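Written out below as structure tokens is the structure these notes cover.
Nothing in this text is a laboratory measurement; each read-out follows from the coordinates by a stated rule. In this text, all values refer to a predicted model and were calculated from it rather than measured experimentally. A quick note on method: Cβ atoms are made from the backbone with ideal geometry, for glycine too, and the neighbour counts reach across all protein chains shown.
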Amino acid sequence: MVVVFFWVLAIIVGAVIGSNKGRAGLGFVLGLLLGWIGVIIIAVLEPSAAVQVEREHRFAHAIASANAGPTLAGGAQGGVALRERLRELQELHADGVIDDQEHADARARVLARG
């Protein structure tokens, strides 16, 4: 019973990791056929080309908006735009699109421009 539980857990974890990399089906199959070894395999695979392009696009957009400065001058609306740009940068960092140094540099540029 415990073995079945851990096998099903490996399938779910493989599918979730694969989904984040644009390879949900492969993650499911590897988890099903190879168990935790399949989870390790899907974890080390590169994201699909479509996911990489989408992440690079989001990164370029975040950098462009960080360099553009505030879209609205001051006030509550300016704070909303600032929070949105910081949230985008945090998402890119969490997704692994940008590293710690790039995140810190982009965050500093956003905050410096207000």
*Considering only ARG23, ARG83, ARG55, give the residue with the highest GNM mean-square fluctuation for the chain, with springs between Cα atoms whenever their separation is below 10 Å.*
ARG83
_Residues ASP95 and TRP7, FRET efficiency given R0 of 30 Å [Cβ-Cβ distance, rounded to 0.05]_ = 0.55
*asked:* Within region 1-44, name every residue whose backbone N is under 18 Å away from a label modeled 7 Å from Cα of HIS57 along the Cβ vector.
replied: 20-23
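Calculate the all-directions average of the projected area of the chain's alpha-carbon convex hull, and give it in nm².
8.8
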*Top positive-direction residue, dipole computed over the chain with Cβ charges, set SER19, HIS61, GLY38*: HIS61
*When the helices in the chain are scored as -39500 (n - 2.57) per DSSP H run of 4 or longer and the sum is shared across all residues, what 222 nm value do you end up with, to the nearest 500 deg cm²/dmol?*
-27000 deg cm²/dmol
*Per-pair calculated FRET efficiency, R0 = 25 Å: ALA64 and ASP105 via Cβ, rounded to 0.05*: 0.95
_If I fit a long axis through the Cα atoms of helix 100-113 and take the longest principal axis of the Cα atoms of the chain, what angle between them do I get, 0 to 90°, rounded to 10?_
30
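So how do 7-18, 96-107 stack up, highest first, on mean other-Cβ count within 10 Å?
Ranked from most to least packed, the peptides come out as 7-18, 96-107.
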